[in-house]
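Let me begin by presenting the structure, written as structure tokens, before commenting on it.
The values are calculated or read from the model by the stated rules, or taken from the named source; none is laboratory data. Being a predicted model, the structure only gives us computed values, none of them experimental. Positions of Cβ are backbone-derived with ideal geometry, glycine not excepted, and every protein chain shown enters the neighbour counts. Remember, those area values only see protein heavy atoms, side chains included, never the ligands or the DNA or RNA. Shrake-Rupley method; radii C 1.70, N 1.55, O 1.52, S 1.80 Å.
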Amino acid sequence: MQSRRNFIKQTALITAGSITLGASTLNANSNSGAKMKTEPIVNLTPKAKENFIAFLKTTDLPVGYSDPEFISNYINFAFDESLEKSGIDRQSAVLLIMVSLVASGGENEFEHMVNAGLNLQIDPSVLKETLYHTTPYVGVGKMAQFIRVLNLVFAKRGVELKQSGSQTTTRQNRHEKGLQAQIDIFGEGMKKYKSTFAPDMAHFTDFLSANCFGDYYTRTGLNLSFRELLTFAILASLGGVESQLKGHIAGNLNMQNDRAKLIAVITLLVPYIGYPRSLNALNAINEITPYKEEK
């Protein structure tokens with residue numbers, strides 16, 4: 001009976017929205033619950049410290065998160081070596097890292113990057129649009145988690161967005177407009193793409209044109225070239241999608257995102273996606289656009 005009463009009591013606490021753990025109470029509806037003491041990250045290189053402060057306005061992280069040795073290694077590599085070697089500007093870097101973290105499942109770091117984007121004066125509508133762009137590649141289940149995080153950060157920072165939205169297509173023209181975006185990126189061959197599918201699978205080409213490209217690539221807030229670069233970052237971060245990755249490497253080249261820019265993106269993302277996915281992406285780049293000796 002005693003154990004049953006304890007179970008009922010615990011269930012009531014959870015239902016009420018809080019779980020009591022020892023002397024502390026964590027809100028079950030928040031990401032982290034109780035506030036924790038912060039302390040400065042030590043042993044940072046000058047450039048890592050400079051960039052990290054520019055992104056997050058502090059060198060403090062919660063004690064429960066900031067294992068000193070791990071966090072200094074991470075910050076020194078991500079905010080000094082890889083960021084500096086990539087040559088990518090800070091605002092673009094935030095957007096590329098954001099979509100990479102969605103694809104690879106880095107919810108905590110994604111929250112930091114949304115804050116970084118706001119700190120770096122990126123328009124909040126661009127941050128949201130960047131997140132929307134990942135939807136057809138990672139699926140709505142994963143996206144729902146990150147939309148929630150982004151909206152919580154916006155609410156905490158007092159950010160309010162206009163409700164007009166960024167959709168430019170209608171139910172009637174989304175297929176046509178999406179197919180045109182595919183043609184702009186991949187070439188005239190997209191007009192015959194449907195014929196390469198078996199009849200019982202051909203509806204997927206309609207989905208791609210109307211949904212993936214019509215619903216997302218045609219939205220305002222990001223130009224087509226940068227959207228295609230984001231897609232490259234998403235696919236490289238997902239891993240195991242080399243066929244699609246190669247297709248979008250070719251698409252990026254058509255959008256004037258050359259070999260050097262694609263390598264720069266992987267240079268930026270290696271701390272977030274790890275070496276196996278990074279090296280696979282580099283192999284795909286080499287296959288589609290081989291290195292040429294400068295004369």
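Pairs meeting the criteria (first residue in the range 63-76 and of a type in the set (Val, Ile, Thr), second residue modelled with pLDDT of 85 or more, beta carbons under 7 Å, at least 6 apart or on different chains) are Ile75/Leu44; Ile75/Ala48; Ile75/Phe52. From the list Gln182, Gln244, Gln172, pick out the single residue that is of a type outside the set (Asp, Glu), more than 25 Å from Gly106 (Cα to Cα) and within 23 Å of the chain's Cα centre (by Cα). After applying the criteria, what remains is Gln182.
Does the range 274-287 include one or more residues that are within 22 Å of Glu84 (Cα to Cα), touching a Gly at 6+ places or on another chain (Cβ under 6 Å) and of a type outside the set (S, T, N, Q)? Scanning the range 274-287, I find at least one residue that is within 22 Å of Glu84 (Cα to Cα), touching a Gly at 6+ places or on another chain (Cβ under 6 Å) and of a type outside the set (S, T, N, Q), so the answer is yes.
Scan the range 270-285 residue by residue and report those that are in contact with a Phe, Trp or Tyr (Cβ under 9 Å, 6 or more places away or on another chain) and of a type outside the set (A, V, I, L, M). Across the range 270-285, the qualifying residue is only Pro271. Annotation note: Cβ proximity below 8 Å between a residue of the range 251-264 that is among the hydrophobic types (A, V, I, L, M, F, W, C) and a residue that is in a loop (DSSP other than H, G, I, E, B) (sequence gap 6+ or interchain) occurs for Leu253/Thr289; Leu262/Thr289; Ala264/Gly87; Ala264/Ile88. For the range 142-167, a residue qualifies if it is assigned to a helix (DSSP H, G or I), open to solvent by less than 70 Å² (accessible area, probe 1.4 Å) and either modelled with pLDDT under 90 or not aliphatic (A, V, I, L, M) (or both), and the qualifying residues are Lys142, Phe146, Asn151, Phe154. For Ile285, are the conditions met, namely being open to solvent by less than 30 Å² (accessible area, probe 1.4 Å), without any contact (Cβ under 8 Å) to a residue 40 or more places away in the chain and more than 15 Å from the chain's Cα centre (by Cα)? Yes; evaluated as a whole, the condition is true for this residue. For the range 39-63, a residue qualifies if it is in contact with a Pro (Cβ under 9 Å, 6 or more places away or on another chain) and among the hydroxyl-bearing types (Ser, Thr, Tyr), and the qualifying residues are Thr58, Thr59. Considering only residues in the range 237-250 that are crowded, with 22+ Cβ neighbours inside 10 Å and free of Cβ contacts under 8 Å to residues at least 40 places away in the same chain, the one that is farthest from Arg171 (Cα to Cα) turns out to be Leu245. Select from the range 77-129 the residues that are small (Gly, Ala, Ser) and open to solvent by 50 Å² or more (accessible area, probe 1.4 Å) and list them in ascending order. Correct list: Gly87, Ser125.
Rundown of residues vs (1) under 28 Å from Tyr74 (Cβ atoms); (2) touching a residue at least 24 places away in the same chain (Cβ under 8 Å), yes/no style:
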position: Ile122; (1), (2): yes, yes
position: Arg157; (1), (2): yes, yes
position: Gly189; (1), (2): no, no
position: Thr196; (1), (2): no, no
position: Thr205; (1), (2): no, no
position: Cys212; (1), (2): no, yes
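Just one of the listed residues (Gly251, Gly187, Gly240) is of a type outside the set (Ser, Thr, Tyr), closer than 24 Å to Leu95 by Cβ and in contact with a helix residue (DSSP H, G or I) (Cβ under 8 Å, 6 or more places away or on another chain), and it is Gly251.
Table: residues versus (1) more than 20 Å from Leu131 (Cβ to Cβ); (2) open to solvent by less than 40 Å² (accessible area, probe 1.4 Å); (3) of a type outside the set (Lys, Arg).
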{"site": "Thr169", "(1), (2), (3)": "no, yes, yes"}
{"site": "Glu176", "(1), (2), (3)": "yes, no, yes"}
{"site": "Lys192", "(1), (2), (3)": "yes, no, no"}
{"site": "Ser195", "(1), (2), (3)": "yes, no, yes"}
{"site": "Thr205", "(1), (2), (3)": "yes, yes, yes"}
{"site": "Phe213", "(1), (2), (3)": "no, yes, yes"}
{"site": "Thr220", "(1), (2), (3)": "no, no, yes"}
{"site": "Arg227", "(1), (2), (3)": "no, yes, no"}
{"site": "Leu235", "(1), (2), (3)": "no, yes, yes"}
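Checking each residue of the range 70-83 against the condition of being in contact with a strand residue (DSSP E or B) (Cβ under 8 Å, 6 or more places away or on another chain), part of a helix (DSSP H, G or I) and either of a type in the set (A, V, I, L, M, F, W, C) or at pLDDT 95 or above (or both) gives at least one match.
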